[in-house]
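Here's the structure, in structure tokens; my notes come after.
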Amino acid sequence: MAETSSKGEYVVGVDLGGTKILAGVFKNSLECIGSSKLSTKSQRGVDAVVERIARCVQDAVDEADLNLKHVAGIGIGAPGAVDFAEGRVIFAPNMEGWKDVPLKKDLEKQLGVPVFVENDGNICALGVHVVELKAKPKSLIGIFVGTGIGGGLIINGDLYSGFNHTAGEIGHMVLDINGPKCGCGNKGCFEALASRTAIFQQIKAGVKDGEKTMLTEMLGDDLADLRSGDLRKAIRRGDKFVDKVIEGAAEYIGIGIANLVNILSPEVVVLGGGVIEALADEMMSVIVETAQDYAMPGTMKGVEIIASKLGDNAGITGGAVLARRETK
């Protein structure tokens with residue numbers, strides 16, 4: 001056990017995604033000292049997922065040789081629209097049955113620790129801004145490409161959540177009104193065109209239509225165990241079909257950035273999430289070039305477009321920042 005631990009010396013950050021749950025235990029200095037990962041299994045229903053979140057937190061705390069008495073608070077990023085004051089998930093498009101879920105109340109009952117719930121894109125933007133960029137940029141747009149596409153806005157140095165606390169839903173900007181259906185019910189959302197889910201759907205549809213790809217040799221015709229890292233391997237081995245799909249997704253990300261830069265003129269645009277972590281080398285130059293092509297002349301001057309170095313840990317880091325802020 002940690003010898004000098006007193007109550008409230010540590011915080012836990014949780015990243016709840018459509019595919020996986022990550023939890024990390026952080027010192028007040030925001031150094032991660034233990035983490036845990038579980039698959040989400042949202043098809044099992046809301047209660048089962050809440051139990052899995054609680055288990056993931058307990059595993060991370062155990063990994064850090066602590067117990068829940070040492071934890072001052074838990075910050076959790078949930079995908080979709082969140083009521084921060086109530087700690088409710090209003091609607092999560094990539095999670096089965098997640099409508100009006102009292103996540104704060106349910107987790108506090110299970111864990112006995114204060115819980116703070118925020119949108120996952122906001123949480124990731126907060127983590128990158130405070131920990132990776134040392135809160136230097138006054139304005140920042142975060143775009144996080146995973147199961148879906150999350151976004152977060154930092155304006156005048158603070159997280160901007162807007163009138164209904166739903167600002168930053170970048171993944172649901174409509175980029176093609178005739179595009180594929182999105183989990184939110186609309187057609188042609190950014191998320192339906194460039195998320196990992198969208199990329200995988202395009203690849204699987206292509207294979208059904210007779211496109212040739214090394215992925216079928218690697219994983220079998222149904223591509224059941226496809227991961228972002230497999231796409232990188234295929235591209236590096238010269239797979240033209242996968243390269244074309246990834247280039248298309250990168251172009252849509254660039255167009256999304258151009259729209260946001262035109263509207264908000266940020267100092268920095270940060271890209272993160274599992275897809276960017278796996279494919280930054282393959283995607284970033286296309287993203288930057290496309291953003292410059294589509295932005296209004298002059299709007300991109302001095303704007304940095306970077307891939308986050310926090311990678312998949314942006315969410316748990318931001319959760320820790322939130323928990324520390326709320327329990328100070």
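Conditions first: (1) without any contact (Cβ under 8 Å) to a residue 24 or more places away in the chain; (2) of a type outside the set (S, T, N, Q); (3) under 22 Å from residue 321 (Cα atoms); (4) touching a strand residue (DSSP E or B) at 6+ places or on another chain (Cβ under 9 Å). Residue 31 passes all but one, so which condition is the exception?
Going through the list (1) without any contact (Cβ under 8 Å) to a residue 24 or more places away in the chain; (2) of a type outside the set (S, T, N, Q); (3) under 22 Å from residue 321 (Cα atoms); (4) touching a strand residue (DSSP E or B) at 6+ places or on another chain (Cβ under 9 Å), residue 31 breaks only (4).
Would you point out the residue of segment 224-234, among those that are aliphatic (A, V, I, L, M) and either closer than 22 Å to residue 283 by Cα or not assigned by TED's automatic domain parsing to the domain that holds residue 246 (or both), that is surrounded by the most Cβ atoms within 10 Å (Cβ to Cβ)?
231
Just to verify a result, which residue in segment 215-232, among those that are out of contact with any Leu (no Cβ under 8 Å at 6 or more places or on another chain) and either at pLDDT 95 or above or not in a helix (DSSP H, G or I) (or both), is nearest to residue 144 (Cα to Cα)? Break it down into steps so the answer makes sense when it comes.
First, pick out the residues of segment 215-232 that are out of contact with any Leu (no Cβ under 8 Å at 6 or more places or on another chain): 217-218, 220-222, 224, 227, 229.
The next check asks that each one be either at pLDDT 95 or above or not in a helix (DSSP H, G or I) (or both); those that pass are 220-222, 224, 227.
On the way: 220: 29, 221: 29, 222: 27, 224: 24, 227: 17 Å.
It comes out as 227.
Any residue at all in segment 110-131 that's surrounded by fewer than 17 Cβ atoms within 10 Å (Cβ to Cβ), at pLDDT 95 or above, among the small types (Gly, Ala, Ser) and over 19 Å from the mean Cα position of the chain (by Cα)?
Scanning segment 110-131 turns up at least one residue that is surrounded by fewer than 17 Cβ atoms within 10 Å (Cβ to Cβ), at pLDDT 95 or above, among the small types (Gly, Ala, Ser) and over 19 Å from the mean Cα position of the chain (by Cα).
For segment 274-300: of the residues being among the β-branched types (Val, Ile, Thr) and touching a Ser or Thr at 6+ places or on another chain (Cβ under 9 Å), which is surrounded by the most Cβ atoms within 10 Å (Cβ to Cβ)?
Applying the filter and picking the extreme gives 275.
One residue is enough: does segment 259-273 have a residue meeting the conditions of a type in the set (S, T, N, Q), under 21 Å from the mean Cα position of the chain (by Cα) and either outside the structural domain of residue 171 (by TED's automatic domain parsing) or crowded, with 24+ Cβ neighbours inside 10 Å (or both)?
Scanning segment 259-273 turns up no residue that is of a type in the set (S, T, N, Q), under 21 Å from the mean Cα position of the chain (by Cα) and either outside the structural domain of residue 171 (by TED's automatic domain parsing) or crowded, with 24+ Cβ neighbours inside 10 Å (or both).
I need the strands (runs of 3 or more DSSP E) fully contained in segment 4-45, keeping only those with at least 3 residues that are of a type outside the set (A, V, I, L, M), assigned by TED's automatic domain parsing to the domain that holds residue 77 and over 20 Å from residue 95 (Cα atoms). Spell out the reasoning first.
On the way: elements: 10-16, 20-27, 32-39.
In segment 4-45, the matching strands (runs of 3 or more DSSP E) lie at 20-27, 32-39.
Mind checking whether some residue in segment 317-324 is in contact with a Ser or Thr (Cβ under 7 Å, 6 or more places away or on another chain), in contact (Cβ under 8 Å) with a residue 60 or more places away in the chain and in a helix (DSSP H, G or I)?
Checked segment 317-324: no residue is in contact with a Ser or Thr (Cβ under 7 Å, 6 or more places away or on another chain), in contact (Cβ under 8 Å) with a residue 60 or more places away in the chain and in a helix (DSSP H, G or I).
If the Cβ limit is 6 Å and pairs must be 6+ apart or interchain, which residue in segment 173-186 that is assigned by TED's automatic domain parsing to the domain that holds residue 254 and under 17 Å from residue 91 (Cβ atoms) pairs with which residue that is at pLDDT below 95 and part of a loop (DSSP other than H, G, I, E, B)?
Sorted first by the residue in segment 173-186, then by its partner, the pairs are 183/93; 183/94; 184/93.
Yes or no: segment 282-291 includes at least one residue that is in contact with a Lys or Arg (Cβ under 9 Å, 6 or more places away or on another chain) and either without any contact (Cβ under 8 Å) to a residue 60 or more places away in the chain or outside any helix (DSSP H, G or I) (or both).
Within segment 282-291, one or more residues are in contact with a Lys or Arg (Cβ under 9 Å, 6 or more places away or on another chain) and either without any contact (Cβ under 8 Å) to a residue 60 or more places away in the chain or outside any helix (DSSP H, G or I) (or both).
The values are calculated or read from the model by the stated rules, or taken from the named source; none is laboratory data. Bear in mind the structure is a predicted one, so any value in this text is a computation, not a measurement. Neighbour counts are summed over all protein chains in view; Cβ atoms, including those assigned to glycine, are modelled from backbone coordinates with ideal geometry.
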